[in-house]
Amino acid sequence: MVAAAAPDLDGLSWLFGQKAHWDCHHVLCHNLLSAMLVSLVLAILSPRRFKDFSIYFLLFHLHLLMDFLGSGGMLDHPIPLAFFGEADI
């Protein structure tokens, strides 16, 4: 559950105002680096580190997929590759 919800930690940017939220939400924690860090930290705390890392990494990316599909997918929307920057189709 923590791995699947972790990408939305960037939603806390709302505490610093609407502009900060629009600048940071879906940017700070919705990327490959965040997926690796969250999965690594959770795996260190787990008994079966490699297997659990894989599960956490998958759950993190499931969140990203659900965000993408819930936002309309590729219909009038940039490709969600925050770690490469956004590219319009």
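The values are calculated or read from the model by the stated rules, or taken from the named source; none is laboratory data. These numbers come from a predicted model, not from an experiment. A quick note on method: Cβ atoms are made from the backbone with ideal geometry, for glycine too, and the neighbour counts reach across all protein chains shown.
Quick look at the values:
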read-out: Residues of region 37-56 that turn out to be surrounded by 13 or more Cβ atoms within 10 Å (Cβ to Cβ) and either outside any helix (DSSP H, G or I) or under 10 Å from the mean Cα position of the chain (by Cα) (or both), as a count; value: 2
read-out: From S71, S46, residue being at pLDDT 85 or above and of a type in the set (S, T, N, Q); value: S46
read-out: Any hit, region 44-53, residues being touching a helix residue (DSSP H, G or I) at 6+ places or on another chain (Cβ under 7 Å) and aliphatic (A, V, I, L, M); value: no
read-out: In region 16-36, residue nearest to the chain's Cα centre (by Cα) [restricted to those that are hydrophobic (A, V, I, L, M, F, W, C), surrounded by 15 or more Cβ atoms within 10 Å (Cβ to Cβ) and not in a helix (DSSP H, G or I)]; value: C29
